[in-house]
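Some notes on the structure that comes next.
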Amino acid sequence: MTRATTSRRSTTRASKSTTADERTHVGVAIIGSGFAGLGAAIRLRKDGRDDFLVIERGSEVGGTWRDNTYPGAACDVPSHLYSYSFELNPNWSRSFSPQPEIQAYLRGVAEKYDVNANCLFDTEVTLAQWDEASSQWLVDTTNGNFSADVLVGAVGALAEPALPDIKGIESFAGEVFHSARWNHDVSLEGKRVAIIGTGASAIQIGPAIASQVSHLDVYQRTAPWVMPRRDREYTKLESIAYKRVPYLQRAAREAIYWGRESFVLGFAFQPKILLAAQRMAKANIAKGIKDPELRKKVTPNWQIGCKRILISNTWYPMLAQDNVDLVTDGIAEVRPNAIVTKDGTVREVDAIIVATGFHVTDSPTYERIVGVGGRTLAEVWQEKGQQAYKGASVAGFPNMLFVVGPNTGLGHSSMVYMIESHINYLSSALQEMDKHGLATFEVREDRQRSFNEKLQDHMDSTIWTTGGCASWYLDAHGNNTTLWPSFTFVFRQMTRRFDREAYRTTARSDQAERGLTLVPTKEEVSA
Ligand code: N01
């Protein structure tokens, strides 16, 4: 990495003035500055590196927490666990942090670790192409072109809004926007509003707007399981105690971590354990809704845990409000002023909120990453679905690591824990490159295959596969390529160090002389 050093200030300045054919070289190009990209950048800084560039399409750091500004947006993982391990925040106001606090936290962390200077904001990666001749990634952006020794994909699974393919939706004359692209210029006060979807976003939006709109129609395709939300404000005393005795907050974090980790037993090993949670969720329905017909409509016909378990104390009471209707007949079409359901009912609306989730397994970003032989990630993954070795590396894409790629998602705990595990792996990989003078590393196909075969074998017996639902965890082939099907501490252990023996590598000197010479692994030497 030493040969690739470019001063961060000159990097940013140069990129603005380069022509299409000129490239500014950086050691590491990181795409995205959410929890993953920002965390990666901080680690590189802590490791003493300055030759990295974070390319971010938004105007500041934050990723999904910058983009999801809808009313009621908040985390459903407890605050003490939902932060970087090296930067606990004693100032969280509640046990489940609201979105503005998380975004302010990320902004503050970026400033504290001086990461913004390495970020190119308002810049979209249009193409990232592996160049075999130079063993570098050629990264084209809307704000200059770069070359990089290593590419880090930190774009996250919940970045690209998925819009529903509903007949006539483009003809709607009122306001229509996705939950992750909230239009704050539009007032919903006194309007007739429709929400399409009943996922994690919708169940936060509904209760936040129901009292200001004249009427709310909630279009439910599949009823979700909703558990009580054990949320409360932190007292001043607690914040002071956490500030003065950080160990206390760390102990609280540990307790939450292990409590959450116990859910894995039900999700991934003994689904029957989840029946107790299902009983609690049923009691939550009974508590919030009196009308037997409405209770029936909101009771899922699949096992709890199969889709993400939602938490709310306000969702069911909101559905029971007089100015709210839960519509379950299925949408036939949208007209300029109304939504028509399959039973022919026409419901007039002024605004439609589309809370229909994200392109999780088919992100458009995959079409822009081009590996060996000119194949895009989208093409490589089309056949068998997305897969990577340890969620980090993909055969045919040398010198590229994901910070949380395929099968690293969680249904029970903090993604920040998984992100930090992958950041360890990235940091270790870069150190190995330096230590052994490596020009390239590429995961061996057989290692990637056996890793994924084992993972998918186990997936067959998890609640996500056996629970009787269709969810965004599953791809077009019906495989769960999004979740990590075990304990997170197993993942942490697995990604503790870069396992060079699972990779084909080339040495820098050899490569400089005549291209791709393999550096033998320990196993090959002893054989
Ligand atoms: O999206 P979703 P989300 N016609 O995909 C429905 C995280 N998150 O934005 O279940 C009609 O979960 C779809 O119906 P069905 C969290 O990881 C976290 O709500 O597919 N309906 C579903 O009801 C979460 O899991 C927080 O039948 C259509 C909904 O739209 C992830 O983000 C907060 C439809 C989509 O639900 C995504 O949540 C918010 C159509 N054509 C989000 N297409 C935290 O608190 C889809 N639907 C941390």
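The values are calculated or read from the model by the stated rules, or taken from the named source; none is laboratory data. Everything quoted here is computed from the prediction, not taken from an experiment. Virtual Cβ from ideal backbone geometry, glycine too; neighbours counted across all protein chains shown. Side chains included, ligands, DNA and RNA excluded: accessible areas come from the protein's heavy atoms. Shrake-Rupley method; radii C 1.70, N 1.55, O 1.52, S 1.80 Å.
Assorted remarks:
- Rel. contact order, % - alpha carbon contacts under 8 angstrom, at least six apart, the chain: 18
- For the range 120-134, Karplus couplings with θ = phi - 60° (6.51, -1.76, 1.60), whole Hz, Gly/Pro x: 10, 7, 6, 10, 9, 6, 9, 7, 10, 10, 6, 10, 5, 4, 9
- Relative to the longest principal axis of the Cα atoms of the chain, the long axis of helix 35-46 makes an angle of roughly 30 degrees.
- Solvent exposure of the range 265-314 as accessible area per residue, Å², 1.4 Å probe: 57
- Residue pairs, from the table 290/342; 272/296; 167/384; 167/191; 272/342, whose Cα atoms sit over 32 Å apart: 272/342
- Our coupling estimate for the range 178-194, obtained by passing each phi through the Karplus curve with A = 6.51, B = -1.76, C = 1.60 and θ = phi - 60°, is 7, 4, 8, 10, 4, 9, 6, 7, 9, 8, 9, 3, x, 9, 8, 10, 10 Hz, Gly and Pro reported as x.
- Tensor-based shape of the range 290-430 (alpha-carbon gyration tensor, a/c under 1.5 rounded, otherwise prolate or oblate): prolate
- The amide H of residue 176, built 1.01 Å from its N in the peptide plane, has 352 as neighbours under 5 Å, considering only residues 5 or more places off or on other chains.
- Taking the Cα atoms of the range 63-170, the ratio Rg/Rh between the radius of gyration and the Kirkwood radius comes to 1.06.
- Residues of the range 173-221: accessible area per residue with a 1.4 Å probe, Å²: 40
- Relative packing of peptides 419-431, 254-266 - highest average C-beta neighbours within 10 Å first: 419-431, 254-266
- Heavy-atom accessible surface of the range 87-158: percent carbon and sulfur, 1.4 Å: 50
- Unpaired Cys in the chain, meaning no second Cys C-beta under 4.7 Å: 75, 119.
- Annotation: peptides 287-300, 54-67, ranked by per-residue average of other Cβ atoms within 10 Å with the highest first, follow the order 54-67, 287-300.
- Cα gyration tensor shape for the range 409-449, rounded if a/c is under 1.5, else prolate or oblate: oblate
- Accessible-area composition of the range 281-380, carbon plus sulfur, in percent [1.4 Å probe]: 47
- Cα gyration tensor, the range 138-253 - rounded (a/c under 1.5), prolate or oblate: oblate
- Ranking 216, 266, 205 by how far each Cα lies toward the positive end of the dipole of the range 204-284 (charges on Cβ) leaves 266 at the top.
- Highest-first packing order for the peptide set 40-47, 401-408 is 401-408, 40-47, based on the mean count of other beta carbon atoms within 10 Å.
- What the phi angles of the range 371-382 give under the Karplus curve with 6.51, -1.76 and 1.60, with θ = phi - 60°, is a coupling list of x, 4, x, x, 8, 7, 4, 4, 5, 4, 8, 4 Hz, glycine and proline written as x.
- CD proxy at 222 nm, helix term only [per DSSP H run n ≥ 4: -39500 (n - 2.57); per residue of the chain; nearest 500]: -9000 deg cm²/dmol
- Amide H contacts of residue 483 (H built 1.01 Å from N, under 5 Å, at least 5 apart or other chain): 407, 409
- Lysines with Cα under 17 Å of residue 390, excluding same-chain neighbours fewer than 8 positions away: 454
- Dipole magnitude for the chain: about 1760 debye, using +1 per Lys or Arg Cβ and -1 per Asp or Glu Cβ, origin at the Cα centre.
- Nearby aspartates and glutamates by direct alpha-carbon distance to residue 287 (threshold 20 angstrom, same-chain neighbours under 8 apart not counted): 231, 322, 325
- A Cα-only calculation for the chain places Rg and Dmax at 24.1, 77 Å.
- Its Cα centre serving as origin, the range 69-116 has a Cβ charge dipole (Lys and Arg +1, Asp and Glu -1) of approximately 80 debye.
- Each Lys and Arg Cβ is given +1 and each Asp and Glu Cβ -1; about its Cα centre, the range 349-466 then shows a dipole of about 240 debye.
- Backbone amide hydrogens, once placed in the peptide plane, bring residue 144 within less than 5 Å of nothing, excluding anything fewer than 5 places away on its chain.
- Accessible surface of the range 188-265 [probe 1.4 Å, protein heavy atoms]: carbon and sulfur percent: 58
- Of 382, 300, 351, farthest towards positive along the dipole that unit charges on Lys, Arg, Asp, Glu beta carbons give the range 265-396: 300
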